[in-house]
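Worksheet: the structure to be examined is printed underneath.
The values are calculated or read from the model by the stated rules, or taken from the named source; none is laboratory data. None of these values were measured; they are calculated from a predicted model. Cβ coordinates were reconstructed from backbone atoms using ideal geometry, including for glycine residues, and neighbour counts include every protein chain displayed.
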Amino acid sequence: MVNLVEIRDLKVEATTDSGRRVEIINGVSFDIAEGEIVALIGESGSGKTTIALTLMGHARPGCRISGGSVSVAGKDMVTLSEKQRARVRGTEVTYVPQSAAAAFNPATTIMDQVIEVTRIHGIMSSDEARARAVDLFRALSLPEPETIGRRYPHQVSGGQLQRLSAAMALIGDPKLVIFDEPTTALDVTTQIEVLRAFKSVMKKGGIAGVYVSHDLAVVAQIADRIVVLKGGETKEIGTTEEILNGAKHPYTRELLAAFEPKPRGAAGAAESGPAPLLEIENLIAGYGQVQADGLPLVRAVEHVSLKVEKGRNLGIIGESGCGKSTLARTIAGILPAAVGKIVFDGKELGRSARERSRDELREMQIVFQYADTALNPAKSVEDILARPLTFYHGMNAKARSARIDELLDMVRLPRNLRHRRPGELSGGQKQRVNFARALAADPKLILCDEITSALDTVVAAAVIDLLKELQRELGLSYIFISHDLSVVESICDEIVVMYGGRKVEEISPAKIKTPEHPYSQLLFSSVPRLDPTWLDGLEQDPELVRAYRQR
Amino acid sequence: MTMTNSETKADRISGTRLGYRFNIIGMVGLSVILFWALIAIFAPLIIPYPVGEIVDLDYFGPMSRDFWLGSDYLGRDMLSRILMGARYTVGISLAAVTIACFSGVMLGMFAAVAGGWLDTVLSRFLDALNSIPSKLFGLVVVAAVGSSIPVLILTLSVIYIPGAYRFARALAVNINAMDFITVARIRGESTLYLIRSEILPNIVGPVLADLGIRFVFIVLLLSGLSFLGLGVQPPYADWGALVRENIGGLPFGAPAVMAPSFAIASLTISVNLLIDNLPKKIRDRSE
């Protein structure tokens, strides 16, 4: 049996800035048969994208394929010259990037970019290419397939753009398509559409694919076989069924376990004191010029009221653009509310952070999604954690140093990490430092804005466990903002669903299987399950989908 | 054996052992700058002849054992004049660039953090200042208040403040949009803290590079002003003034006109080499 792709003992090495060589891929071997979709799964840094890129004979700057062979349709991509590789790229092997928005040139129309491959390789005439592109648009169930090509990239939605980039990859009639986390940046309801489109096109054309992802549930829907990677080595290879139901390697099991939401133990003895910790009434906030009625031009949060009891957690869930982050920023006083009341611990807070006292600011801390931008890259971990200690508690150097040790212990980071800078930490470590800084203030409430979204499943699960543990020890409350239902479900006592700036439903995790509001039903049913038949068996009311998926 | 030897030597030269990498070109630049700085400091001790004294009977004399760089249009020793000229060229430029960059960068960061009308007013005012041609501005000021070293330093720094401001503001605006600034703001930090501790450490690299470029501009502008007779006044002379004084020697190919030109070139080029090859910190320390 001849396989389309045969990777044998592949080694990729990188040269660091001190001239040291590091093997980032350490002897990986696997095959892809004709028409088969193989998923590469693993945490960030596991080498999944690096392996996918070697299929096109490409290694990122500073990296080098140092050994092994990658044979695609009989050609060894490692030994081909750059010119020969260029001939293969776009015709035999093509690539769908993670961020379609960054992959399109905003200055030319979509059609010109989709058919560019055929022009470069001189495969077909421009008219033929256009006709074929329209067929592809139709096959990928894009709206208005005849005319969508005339638009510019900013005139279509993210999910549509992702499908258009697939059209770009498919137009050269490739034998192998590489999907590099194509749905990671999309909302769950959009993700379904895109996955369905990819799956049907790939099956119909009998095209082989490599699907790179860190989300096991997504991969389960589309892949025939799964390769589990960690630290540049294959941990396990098996059919989707085998991996999901009979994983042998401990790391695979860890991945699977991280996916199962752990229900939050008997909702911590609800000490429902007389007054809630935070109460928000009829909040309106937004951006742009203030109108005659005193409201901002674009209102991102409209008439939201909610309550957080002491020691309990509130989850806010919704898709991108639903106003959940704006709500957090309004509560924290970063974006002053136009209308509404924020009562925290019995006192009404000023709308802007400037109007709040130092103690009020100290008691409510916010942790941002991207630890990369939330930590000053020029400062050491020690300096980052020391500042709130000096600022709020006026500690001297000795007390500070002792407290920093405590904080690092609390977030399970080794103490000797304190001299490092954020750039020298991993994503999970950075997020822990980010969280430790909030803890340094001794807050009563922490606003967590998508803090696990940028992390891998296993790491995110560890961070969530940490949050729960700290809550038990310190009696904190969290407002947990996320688009990931399983995360919210595992940590929150109360869940608020937001859509279009409004709160549409408030439910408890116990009733999460039976939401009442139609939007909640749609949202919750769109979360991928660890079941290969889930996508095919999923039925959603088309009316409902149309009503809420206009973006 | 020889292999290991050469390797450790290379390590030492490129400074990897200190956790920094510094390449040869940068080091050449740095050594030329240090050389001129030392000359500027010790010039009075090492000049072979007094600067103002006519020591050669010939004018535009050639290079000789007595006069290493020949003599100027009055028969004064050129080497001594260049060594002393370094004081003015390096000293005035350094003072001016320090003032210009310090005020420009501080104002730029302040405008970026404060924002609003303060930013607008400051930016428009400095844009207006920027629109005046630098040589003309220098000419007018020197013509109005006369040429002295403090006036020269102030004029040169005022000319280069808007550029430094614009540069720093552009960098600071980007940093200001980062989440860690938001975190610091809602912690209740003052503007001064934001500028000093959150923004400055993140822009200090490019700001130093900018300082280097501006130093070169100032050396050239000062030389230009001196060439026009508005810079350092006789009997003292900076390198620009030396070129002007001895321009009459050009047809004879006199070293008196070439030597100060080479001095200007060597300093400005070295500064550029250094700022393009500043030591880089090595991030990979896992060894």
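Of note, B:A86 satisfies the criterion of being at pLDDT 85 or above and more than 21 Å from B:A209 (Cβ to Cβ). Can you name every residue in the range A:181-233 that is crowded, with 21+ Cβ neighbours inside 10 Å and basic (K, R)? Result: A:K230, single match.
Determine whether the range A:78-88 contains at least one residue that is out of contact with any strand residue (DSSP E or B) (no Cβ under 6 Å at 6 or more places or on another chain), at pLDDT 85 or above and surrounded by 21 or more Cβ atoms within 10 Å (Cβ to Cβ). Looking for residues that are out of contact with any strand residue (DSSP E or B) (no Cβ under 6 Å at 6 or more places or on another chain), at pLDDT 85 or above and surrounded by 21 or more Cβ atoms within 10 Å (Cβ to Cβ), one finds at least one in the range A:78-88, hence yes. Scanning the range A:522-551 for residues that are of a type in the set (D, E, K, R), surrounded by 15 or more Cβ atoms within 10 Å (Cβ to Cβ) and modelled with pLDDT under 75 yields one hit, A:R549.
Okay, residues lined up against (1) within 30 Å of A:P518 (Cβ to Cβ); (2) modelled with pLDDT of 90 or more:
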{"position": "A:K310", "(1), (2)": "no, no"}
{"position": "A:G318", "(1), (2)": "yes, no"}
{"position": "A:I366", "(1), (2)": "no, yes"}
{"position": "A:P377", "(1), (2)": "no, no"}
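Regarding the range A:25-48, can at least one residue be identified that is of a type outside the set (D, E), closer than 28 Å to A:V134 by Cβ, within 26 Å of the chain's Cα centre (by Cα) and not in a loop (DSSP other than H, G, I, E, B)? Looking for residues that are of a type outside the set (D, E), closer than 28 Å to A:V134 by Cβ, within 26 Å of the chain's Cα centre (by Cα) and not in a loop (DSSP other than H, G, I, E, B), one finds at least one in the range A:25-48, hence yes. Among the residues of the range A:312-347, those that are closer than 13 Å to A:H483 by Cβ and charged (D, E, K, R) comprise A:E319, A:K324. Inside the range B:203-238, residues that are surrounded by fewer than 21 Cβ atoms within 10 Å (Cβ to Cβ) and of a type in the set (S, T, N, Q) make up a count of 1. So, A:L349, is that one out of contact with any strand residue (DSSP E or B) (no Cβ under 8 Å at 6 or more places or on another chain) and among the hydrophobic types (A, V, I, L, M, F, W, C) or not? So A:L349 does not fit the description; no.
Among the residues of the range A:362-385, the ones that are within 11 Å of chain B (Cβ to nearest Cβ), touching a residue at least 24 places away in the same chain (Cβ under 8 Å) and assigned to a helix (DSSP H, G or I) come to 5 in all. Of the residues A:L447, A:L485, A:L476, the single one that is in contact with a strand residue (DSSP E or B) (Cβ under 7 Å, 6 or more places away or on another chain) and crowded, with 23+ Cβ neighbours inside 10 Å is A:L447. The residue that is surrounded by the most Cβ atoms within 10 Å (Cβ to Cβ), among those in the range A:346-361 that are within 11 Å of another protein chain (Cβ to nearest Cβ) and small (G, A, S), is A:A353. No other residue among A:V343, A:V339, A:V308, A:V298 is surrounded by 19 or more Cβ atoms within 10 Å (Cβ to Cβ), more than 11 Å from chain B (Cβ to nearest Cβ) and not small (G, A, S) apart from A:V308. Of the helices (runs of 4 or more DSSP H) lying entirely inside the range B:198-287, not one contains at least 2 residues that are of a type in the set (F, W, Y) and within 14 Å of chain A (Cβ to nearest Cβ). Taking the criterion of being more than 23 Å from B:L126 (Cα to Cα) and buried (at least 22 other Cβ atoms within 10 Å of the Cβ), the only residue of the range B:166-180 that qualifies is B:F180.
Taking first residues from the range A:436-447 that are more than 13 Å from chain B (Cβ to nearest Cβ) and closer than 11 Å to A:L408 by Cβ and partners that are surrounded by 20 or more Cβ atoms within 10 Å (Cβ to Cβ) and aliphatic (A, V, I, L, M), the Cβ contacts under 7 Å between residues at least 6 apart in sequence or on separate chains come to A:L439/A:L407. Counting only helices (runs of 4 or more DSSP H) that sit completely within the range A:101-209, those holding 1 or more residues that are under 26 Å from A:I32 (Cα atoms) correspond to A:116-121, A:126-139, A:158-170, A:188-205.
Selection within the range A:388-435: residues that are touching a residue at least 24 places away in the same chain (Cβ under 8 Å) and charged (D, E, K, R). The member of this set that is farthest from the other protein chains (Cβ to nearest Cβ) is A:R412. Scanning the range A:210-232 for residues that are aliphatic (A, V, I, L, M) and outside any helix (DSSP H, G or I), we see that the one that is farthest from A:A39 (Cα to Cα) is A:L229.
Of the set (1) modelled with pLDDT under 85; (2) closer than 25 Å to A:G311 by Cβ; (3) within 13 Å of chain B (Cβ to nearest Cβ), all apply to A:T452 but (3).
Quick one: which residue in B:G61, B:G26, B:G75 is modelled with pLDDT of 85 or more and more than 14 Å from chain A (Cβ to nearest Cβ)? It is B:G26. Answer with yes or no whether A:S66 is at pLDDT 85 or above, in contact with a strand residue (DSSP E or B) (Cβ under 7 Å, 6 or more places away or on another chain) and either surrounded by 17 or more Cβ atoms within 10 Å (Cβ to Cβ) or under 26 Å from A:K203 (Cα atoms) (or both). Spelling it out, it is not the case that A:S66 is at pLDDT 85 or above, in contact with a strand residue (DSSP E or B) (Cβ under 7 Å, 6 or more places away or on another chain) and either surrounded by 17 or more Cβ atoms within 10 Å (Cβ to Cβ) or under 26 Å from A:K203 (Cα atoms) (or both). Please work out which residue is farthest from A:L389 (Cα to Cα), limiting yourself to the range B:176-197 and to residues that are more than 9 Å from chain A (Cβ to nearest Cβ) and in a helix (DSSP H, G or I). For the range B:176-197, the residue satisfying everything is B:N176. Out of B:L156, B:L122, B:L136, one residue alone is touching a residue at least 60 places away in the same chain (Cβ under 8 Å), aliphatic (A, V, I, L, M) and part of a helix (DSSP H, G or I). It is B:L156. All of (1) in contact with an Asp or Glu (Cβ under 8 Å, 6 or more places away or on another chain); (2) buried (at least 18 other Cβ atoms within 10 Å of the Cβ); (3) within 23 Å of A:V70 (Cα to Cα) hold for A:T252 with one exception: (3).
Among residues of the range B:64-107 being within 13 Å of B:E245 (Cβ to Cβ) and among the charged types (D, E, K, R), the one that is surrounded by the fewest Cβ atoms within 10 Å (Cβ to Cβ) is B:R76.
When you check A:F435 against the structure, is it in a strand (DSSP E or B) and not polar (S, T, N, Q), yes or no? No. Residue pairs whose Cβ atoms lie under 7 Å apart, separated by 6 or more positions or on different chains, with the first residue in the range A:16-36 and within 13 Å of another protein chain (Cβ to nearest Cβ) and surrounded by fewer than 14 Cβ atoms within 10 Å (Cβ to Cβ) and the second in a strand (DSSP E or B) and of a type in the set (S, T, N, Q), are A:R21/A:T15. Is it true that A:G42 is under 26 Å from A:A220 (Cα atoms) and modelled with pLDDT under 85? It is true that A:G42 is under 26 Å from A:A220 (Cα atoms) and modelled with pLDDT under 85.
The residues in the range A:276-295 that are of a type outside the set (A, V, I, L, M, F, W, C) and either closer than 18 Å to A:L349 by Cα or buried (at least 18 other Cβ atoms within 10 Å of the Cβ) (or both) can be counted, and the count is 5.
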